[in-house]
Amino acid sequence: MTLLGACGGDRSLPPVAGGVALVFELPQGVYDPKGFASVEVVLHEPTGDVRRSASLGKDGSFDLGAIAPSESVSVEATLRSDSGAVVGYGRTAMAAAFAGGSQIVVPVRRPILYFAGTSDHSVQAPTPVQWIETPATFADLSVGGRFDGTAVLDGPAVMMIGAGPGLFMVTQAVDPASGTLTGPAKIVPISPADHAPQTALGGAMTGAVLDGAGSDDGAMLVVGTATQLFAVDTTTGAATALADGSFARVALVASDTGELAAIAIKNRGATTGPCTTTAELWWAPVTGVTDRSASTAHVIATGGFSDIAADRGHAYYVDACSGELGEATETAVRPIRTISTAGGTSRPTALAVSNNQAYLGVEIAPATTSLVFASLTTDESRTLWNESAQQVLTATDAANLGVQRQLDATAAVFNHLEIGAGGDYVALTTSAHFEGARIAAANFPQMTIDTDELRVFDAATGGIVERYRSWCDGLLIEAAADIKNWACTSTAGQTEAAAADLEHHISSMSFLFGKK
């Protein structure tokens, strides 16, 4: 049997007799890959994976050669440029029969990363704090260039949720004094043709939104808030409460038959300070449930759970207190391996998994963050990145130009970790806190500074593709003789927001076709 294919969104490609037609569906808009020269396809079959690659013809067609029939196969496809860079990626949401005369449609999108959050711009006391909801920022990794915060969606958002080929933004009011999210949260679909916000879904959610995830077909979302865990049907707009409580980490797991379940962490503790073991790992069926009157959501285990991930029908977790990386099912947890905790000073607090490869964000007291790769099937592990957080500030008034002060962070934490483009990219966000005592001899004021950064890594090499500081702000407490005006300075390889009104705390991050 021969596997043939075509790009361009043409669903009508006829399969060759005895063969299979593989069609890449494109939305004919901003999500369409450009400049691709070759295609890589992975066929996930019950007996193992089959990998094929081919160059694209001038008409966008390709021939991946002979392939054995299969009753159940899911497909991943990656489009690459002449240089080998990913310019498009997609996968099927469900397994399908792979037999002669069949056609399989794979939606393919550019590798675009989205992040959203809130902002305030009070720099020095006694300026009052004014928190606001800001537009979501995006970065197209297929076109290169440096992040500067200027690529934004139309309209404010506090969260972006990628759901396979689809994208949704969450809007919610922000208390201007405290920055707390308040009131009902609404979900707004984003058009794949022009990035425009569409009509908000009809259902509303209560509680400050904390985390969200989507199914590979874009039909379902799961959202954790400070008061409840919700399932959202993007077709009907209905938002259904699955469980009560504060759910700070959520993911969706698909069974072999396509039924969805949410895995979530309730009462997730702080990752710095004394380690607490009161976090609850929950399992909640989302589809295939006929009677919601009897609660089907339930606790699987209690511990120091800090993050969860889902990949190809499996759910995974990390426990920050024990250092355990393991797999969760509907009824139990199973340890896989231990990530070294270095006597309690090192904690795995963030997790993303794709194709039996786990990436972990590890926090090392007091203020070092590391990105660690760990195989789920072998003993292989390695550290891809390790850094102690520092920030340099520069005096900006004319009398003190050139004066700088370097601060070492007192704390640094992971906020988000996600895999994009089928495993080519790993993106993460971190926050760091800096406190500088007054130095009278140098006329340095007392400083309290907070920063947020986004980093994108080449998963194969660990090299940093992008490093973007989305936020650097704080409080100066000045004596009469102190230097008055200061600004955060970028380090080598780091970019920052092009203007103050583009800065924001990153409260969510998501790839199209991402894995978290």
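Computed values, structure above
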| quantity | calculated |
| --- | --- |
| Failed item, numbered, when GLY313 is tested on (1) within 24 Å of the chain's Cα centre (by Cα); (2) free of Cβ contacts under 8 Å to residues at least 60 places away in the same chain; (3) surrounded by fewer than 22 Cβ atoms within 10 Å (Cβ to Cβ) | (2) |
| Strands (runs of 3 or more DSSP E) wholly inside region 155-250 containing at least 2 residues that are within 21 Å of the chain's Cα centre (by Cα) and farther than 17 Å from ALA136 by Cα | 220-225, 228-233 |
| Members of region 36-65 that are of a type in the set (A, V, I, L, M, F, W, C) and part of a strand (DSSP E or B) | VAL39, VAL41, VAL42, LEU43, VAL50, ALA54, PHE62, LEU64 |
| Enumeration of residues in region 89-99 that are in contact (Cβ under 8 Å) with a residue 60 or more places away in the chain and among the small types (Gly, Ala, Ser) | GLY90, ALA93, ALA95, ALA99 |
| Exclusive hit being acidic (Asp, Glu), surrounded by fewer than 13 Cβ atoms within 10 Å (Cβ to Cβ) and farther than 30 Å from GLU503 by Cβ, set GLU76, GLU45, GLU71, GLU40 | GLU71 |
| Criterion (in a loop (DSSP other than H, G, I, E, B) and either surrounded by 15 or more Cβ atoms within 10 Å (Cβ to Cβ) or of a type in the set (Gly, Ala, Ser) (or both)) met by exactly one of TYR31, TYR114, TYR89 | TYR31 |
| Among (1) at pLDDT below 95; (2) polar (S, T, N, Q); (3) buried (at least 22 other Cβ atoms within 10 Å of the Cβ); (4) within 17 Å of TYR359 (Cβ to Cβ) - the single one THR461 does not satisfy | (3) |
| Residue list for region 316-357, filter: of a type in the set (Ser, Thr, Tyr) and more than 22 Å from VAL413 (Cα to Cα) | THR329, THR331, SER354 |
| Among the residues listed as GLY155, GLY162, GLY207, GLY212, the single one being at positive phi, in the same structural domain as ALA270 (by TED's automatic domain parsing) and surrounded by 16 or more Cβ atoms within 10 Å (Cβ to Cβ) | GLY207 |
| Residue that is modelled with the lowest pLDDT [pool: residues in region 251-261 that are small (Gly, Ala, Ser) and outside any strand (DSSP E or B)] | GLY258 |
| Residues located in region 489-506, provided they are part of a strand (DSSP E or B) and buried (at least 18 other Cβ atoms within 10 Å of the Cβ) | GLU496, HIS505, ILE506 |
| Count - residues of region 178-214 that are farther than 28 Å from LEU417 by Cβ and touching a Gly at 6+ places or on another chain (Cβ under 6 Å) | 4 |
| Residue among GLY90, GLY29, GLY57, GLY35 that alone is outside the structural domain of VAL465 (by TED's automatic domain parsing) and farther than 27 Å from ALA196 by Cα | GLY57 |
| Residue in region 317-340 that is farther than 25 Å from PHE434 by Cα, acidic (Asp, Glu), in a loop (DSSP other than H, G, I, E, B) and out of contact with any strand residue (DSSP E or B) (no Cβ under 8 Å at 6 or more places or on another chain) present | no |
| Condition check for ALA432: closer than 30 Å to VAL75 by Cα, in the same structural domain as ALA399 (by TED's automatic domain parsing) and crowded, with 22+ Cβ neighbours inside 10 Å | no |
| Sole residue being touching a Gly at 6+ places or on another chain (Cβ under 8 Å) and surrounded by fewer than 15 Cβ atoms within 10 Å (Cβ to Cβ), chosen from THR302, THR277, THR235 | THR277 |
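Conditions (1) of a type in the set (Asp, Glu); (2) surrounded by 15 or more Cβ atoms within 10 Å (Cβ to Cβ), marked per residue:
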residue: THR345; (1), (2): no, no
residue: ALA350; (1), (2): no, yes
residue: GLU363; (1), (2): yes, yes
residue: TRP385; (1), (2): no, yes
residue: VAL413; (1), (2): no, yes
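The values are calculated or read from the model by the stated rules, or taken from the named source; none is laboratory data. Model, not experiment: these values are computed from the prediction. So basically every Cβ, Gly included, is an ideal-geometry build from the backbone, and we count neighbours across all protein chains shown.
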